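Enquirer: Supplied in structure tokens, the structure appears directly below.
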Amino acid sequence: MSYRSKLTSSQALLAAMVFGSLLMNSPLHADEGMWLFNRFPSAEVAKRHRFNATPEFLQHLQKSAVRFNNGGTGSFVSAEGLLFTNHHVGADCIQKVSSNEADYMKDGFLAQSRAEEKRCPDLEVNVLLEIEDVTSKVTEAIPDTTPDAEANRLRKARMSGLEQACSTSTGRRCDVVTLFSGAQYHLYQYKKYTDVRLVFAPEFDAAFFGGDPENFTYPRHCLDAAFFRAYENGVPAKVEHWFKWSKSGVRDGELVFVPGNPGSTGRLMTVAELEFTGSVAYPLVLRRLKSMIDSLETYMKQGEEERRVGSENLFGQQNSFKAISGFQRGLEDKSLMDQKRKDERNLRRAIERDRQQKARFGKLWGELDATYSNLKGFYPRYYMFESGATRGSTLLGLARSIYRYSIETKKPNDQRLREYSETALPAREQAMYSPAPITPSMEIAVLADYFTFLGRELGYDDPTVKALLDGRTPLAAARHAVETTRIINVEERRRLAGDPGAATSSTDGMIRLARVLDTPARELRKRYEDEVESVVTRAAAQIAQARFAISGGNAYPDATFTLRVAFGPVKGYRNAQGRPVPWATDLAGKFAKGREEDPYRIPASWLKAKDQLRLSTPYNFVSTADTHGGNSGSATVNRQGEVVGILFDGNIEGLPNRFVYTDRMARSVHVASQSVIEALDKVYLAKPLLSELGF
């Protein structure tokens with residue numbers, strides 16, 4: 001039963017008044033939406049595209065797609081556990097299985113047999129099996145009069161309890177997902193694979209042709225694709241659901257579906273949150289990223305090995321910088337913010353006209369204004385000591401995990417930090433005890449930059465900054481911490497994590513940094529959760545409940561790095577100058593743009609195969625599918641559920657879609673399936689892989 005059928009007369013009046021403010025989350029005029037699989041708008045798709053998305057079709061999409069827990073998506077493309085994803089999603093593993101002698105990031109990799117497939121040291125992929133609405137179980141028996149901070153703690157404790165009970169009874173990974181800003185909670189059950197192996201990766205110059213200058217742009221000419229394989233009990237996984245490969249490939253104008261895991265969006269944000277994000281949060285994060293990028297680029301100029309080990313880290317920071325810069329431009333766009341203010345003003349005016357609704361909702365925006373005003377005062381320290389402290393540093397991330405693990409795992413499950421709950425521990429332990437190589441010289445460079453940034457933002461007299469540096473310069477402090485640590489050794493990590501006494505008294509350089517950070521970081525986190533998160537969860541959930549009720553069930557929540565499905569036609573557009581932008585590029589365009597220097601260098605394998613290639617083959621293409629970060633690696637499938645491409649990017653015009661959807665110029669960018677087959681056949685001579693794909 002939809003919420004619409006439960007509306008009271010006053011709610012119905014409110015619905016009529018504010019309907020206009022809800023259009024952005026109702027797919028009335030475009031193929032908008034990152035849809036839950038249990039709330040897919042099948043009737044809308046049938047009406048607009050004359051396609052019946054049956055429950056069987058949707059289940060096949062759901063169970064063929066996988067989540068890469070390092071921040072992307074993939075899909076099964078054979079019954080033998082073969083996985084298809086982006087090169088940049090797989091880059092973390094590709095980097096970790098590389099060495100100075102075998103640089104698979106630079107030169108690519110192809111396993112000629114199953115025995116040659118390279119196991120990723122710490123990768124987990126998940127397949128979503130079941131979804132259960134547990135809203136009542138999370139929120140029941142929490143009276144409306146419960147103080148916000150206490151209600152927040154109770155909700156989190158219940159979420160951890162539900163996850164533990166589910167995992168214990170099913171043996172699956174179980175996550176409670178917060179939807180509609182806290183108006184709903186769903187329990188997701190996953191089958192997980194922790195033995196994942198690299199099968200194929202192209203050269204970096206093929207995967208990331210055009211480099212950072214062309215990131216988030218279109219037209220593009222990238223083979224941003226890679227293949228992995230999931231194993232179970234030491235043998236290739238046998239899977240029931242997997243996508244077949246289209247023999248004909250993608251076509252202009254055809255409807256495509258994109259099942260994937262978009263990371264986070266802000267379409268339900270209030271104006272207060274948008275203004276805070278644009279004036280405080282994003283500028284700080286961008287300064288941090290710019291500082292890291294400069295330091296990594298300086299480090300990589302020291303030699304070929306520094307270039308090799310730093311490339312994946314640099315790509316991640318550059319990618320984030322460019323994305324957040326695009327989000328920031330959206331928040332600085334007067335028309336976007338004017339529309340957001342108008343929508344919110346209409347909603348508030350409607351509430352003011354109804355006495356009952358005014359009493360219930362009238363104070364919410366004032367509370368949120370005060371909450372974000374309060375957050376401005378401590379957000380920089382919260383970000384630098386807690387939420388963003390370990391960015392780019394493997395060792396500092398490990399040290400924090402080890403130190404907190406040693407403390408949190410001694411507490412009852414419902415009293416722990418959420419990321420150390422019983423159901424979260426397997427993934428935490430897999431990362432903590434990863435045998436992946438760590439490069440001390442890069443760690444020193446990244447830590448020195450972090451300390452310098454803290455001094456620049458907070459001042460070197462800040463008590464925590466002084467304690468971290470311990471009388472040393474940023475570079476000397478970083479060098480001392482790295483050179484006096486033993487947590488590069490996996491067994492030392494196990495010893496410290498298993499003994500809180502050892503961790504709290506350790507003189508290890510990196511553990512000392514984690515310990516110094518921990519007290520102020522926990523204090524700031526508690527303040528954030530008690531004074532901000534708890535208020536926002538309650539207030540935003542109430543606003544979202546009204547919107548959800550009015551939509552009659554035909555709405556989608558903001559992205560949460562959980563499985564969604566987007567759809568839309570393959571379609572070109574006109575750019576800001578009014579010039580037509582084609583629906584697809586071709587292989588000929590790659591060679592036309594090629595140079596003998598980065599980032600337009602064409603690999604030797606491609607130059608050698610040029611005469612054999614069908615240069616008219618579609619290479620990259622665009623669609624109107626509503627996707628976002630985390631969707632990278634999502635298979636792009638046609639009406640038959642066949643692979644016609646893989647999503648790897650969005651254009652720069654689409655970055656403000658984080659806050660409001662438009663398809664006038666915004667596009668998702670995909671690699672065409674035809675180009676993957678052409679490259680595997682003519683460039684890489686990957687006959688066994690082609691055979692497994694049905695060619």
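Enquirer: Roughly what would the spin-label model give for LYS106 and PHE378, points 7 Å off Cα along C-beta, in nm?
Expert: Rounded to a tenth, the inter-label distance reads 4.8 nm.
Enquirer: Ranking request for peptides 650-658, 80-88, 359-367, 418-426: highest mean number of other beta-carbon atoms within 10 Å first, then the rest in descending order.
Expert: Result, highest mean first: 80-88, 650-658, 418-426, 359-367.
Enquirer: Which residues' amide hydrogens lie under 5 Å from the amide hydrogen of VAL66, considering only partners 5 or more residues apart or on another chain, with H built in the peptide plane?
Expert: For VAL66, the qualifying residues are GLY74, SER75, PHE76.
Enquirer: Can you bin every Cα-Cα distance in region 128-193 into 10 Å intervals starting at zero and give me the percent of pairs per bin, rounded to whole numbers?
Expert: P(r) over region 128-193, rounded to whole percents: 22, 51, 22, 5, 0.
Enquirer: Additional query: Sort by residue number and report every cysteine in the chain with no other cysteine beta carbon within a distance under 4.7 Å.
Expert: Cys with no partner Cβ under 4.7 Å: CYS222.
Enquirer: Could you calculate the contour length gain from ASP212 to SER505, that is, 0.36 nm times the residue separation minus the distance between their Cα atoms, to one decimal place in nm?
Expert: Result for the pair: 101.1 nm of gain on full extension.
Enquirer: Can you tell me the FRET efficiency between LEU615 and THR194 if r is taken as the Cβ-Cβ distance and R0 is 41 Å, rounded to the nearest 0.05?
Expert: 0.50
Enquirer: Next up: Please list 285-297, 675-687 highest first by mean number of surrounding beta-carbon atoms within 10 Å per residue.
Expert: Peptide ranking by packing, descending: 675-687, 285-297.
Enquirer: Find out how many positive minus negative residues lie around ASP681, taking Lys and Arg as positive, Asp and Glu as negative, among other residues whose Cβ is under 11 Å from that of ASP681.
Expert: Overall, the nearby charge balance is +2.
Enquirer: P(r) for the chain, please, calculated from all Cα pair distances in 10 Å bins and given in %.
Expert: Going out from 0 Å in 10 Å bins, the chain shows 3, 14, 25, 28, 20, 9, 2, 0 percent.
Enquirer: P(r) tail for region 216-265, what percent of Cα pairs lie past 14 Å? Write down the numbers at each step before the final one.
Expert: On the way: 961 of 1225 pairs.
I get 78 percent for the Cα pairs in region 216-265 exceeding 14 Å.
Enquirer: Amide H to amide H under 5 Å from ILE602: which residues, 5+ apart in sequence or cross-chain, H placed 1.01 Å off N in plane?
Expert: Those lying under 5 Å, H to H, from ILE602 are ARG595.
Enquirer: How do 625-631, 274-280 rank on mean C-beta neighbours within 10 Å, highest first?
Expert: 625-631, 274-280
Enquirer: Could I have the simple spin-label model distance between SER691 and ALA436, label points 7 Å from Cα toward Cβ, reported in nm to one decimal?
Expert: Inter-label distance under the simple model: 3.3 nm.
Enquirer: Around VAL199, which amide H atoms from residues at least 5 apart in sequence, or from another chain, sit under 5 Å from its own amide H, with H modelled in the peptide plane?
Expert: Answer set, sorted by chain and number: PHE227, PHE228, ARG229.
Enquirer: Could I have the simple spin-label model distance between LYS526 and SER335, label points 7 Å from Cα toward Cβ, reported in nm to one decimal?
Expert: 4.9 nm
Enquirer: Additional query: Quick one: net charge of ASP144's neighbours, Cβ under 12 Å, K/R +1, D/E -1? Kindly include the intermediate steps, with their values, before the conclusion.
Expert: Numbers: positive: ARG360, ARG538; negative: ASP148.
Around ASP144, the surrounding residues sum to +1.
Enquirer: In whole Hz, what ³J(HN,Hα) sequence does region 76-92 give by Karplus (6.51, -1.76, 1.60; θ = phi - 60°), x for Gly and Pro?
Expert: Rounded to whole hertz, the list is 6, 10, 7, 6, 9, x, 5, 10, 10, 8, 7, 4, 6, 6, x, 4, 4.
Enquirer: Another question, then. Residue by residue, what Karplus-based ³J(HN,Hα) values in Hz, rounded to whole numbers, does region 510-516 have, using 6.51, -1.76 and 1.60 with θ = phi - 60° and x for Gly and Pro?
Expert: 6, 5, 4, 4, 4, 5, 4
Enquirer: Residue by residue through region 261-267, what is 3J(HN,Hα) from phi via Karplus (6.51 cos²θ - 1.76 cosθ + 1.60, θ = phi - 60°)? Round to whole Hz and write x for glycine and proline.
Expert: Karplus values, whole Hz, x for Gly and Pro: 10, x, x, 7, 10, x, 6.
Enquirer: When averaged across all projection directions, what area in nm² does the alpha-carbon convex hull of region 560-643 cover?
Expert: One quarter of the hull surface, i.e. the mean projection, equals 8.3 nm².
Enquirer: Let me ask you something else. Treating only the Cβ atoms of Lys and Arg (+1) and Asp and Glu (-1) as charged, compute the dipole magnitude of the chain about its Cα centre; round to the nearest 20 debye.
Expert: With only Lys, Arg, Asp and Glu charged at Cβ, the dipole is about 1460 debye.
No lab work stands behind these numbers, since they all come straight from the coordinates. On a predicted model such as this, the values are computed, not experimentally measured, just so you know. Using ideal geometry, Cβ is built from the backbone for each residue, glycine included, and neighbour counts are taken over all protein chains shown.
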